[in-house]
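Undergrad: Mind having a look at this structure? Questions to follow.
Computed from the coordinates by the stated procedures, all read-outs in this text should not be read as laboratory data. Every value quoted in this text rests on a predicted model; they were computed, and no experiment measured them.
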């Protein structure tokens, strides 16, 4: 099989993880160095192909032969009412602090709440901007961002996946978690 790029959307990370691979099966992919470096516990996770919604859970499952976007989704969550209560309490506290909770957390699954809390933790790690923000809308392509008044030592290339944003992928992943 020829090499292709699988872009993995891991819920605990904000960026897509690109893996160039010639792996034919899910089992072969899990053994790839780049995938092993992610530290995913595959006994409680699976892959879901974004295009076909096919689920890959067993090592013999045949992967797409072309470039693809794959969601890494939990198959098992921490059990127990006390754990669920703990998740709800954390989300309630965030809501009281003014964080927007875009779903009814009192009826959400553990995996939904875990993914939401992970996304909030990632957002809180970023330094909040106190300046007025200017909105720039871009179409798919490659751009160079030049910010007046700042010295930029390094230019990072941003690749857009068709017109899909990382937030769109995050929303899709949340919807998939509700179905599985």
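Undergrad: Where a ≥ b ≥ c are the square roots of the eigenvalues of the C-alpha gyration tensor, would you call the range 4-74 rounded, which needs a/c under 1.5, or, failing that, prolate if a/b is larger than b/c, or oblate?
TA: In terms of gyration-tensor shape, rounded.
Undergrad: Same structure, new question: Relative contact order, percent, of the range 1-49 when contacts are C-alpha pairs under 8 Å separated by at least 6 residues?
TA: Over the range 1-49, the number comes to 26 percent.
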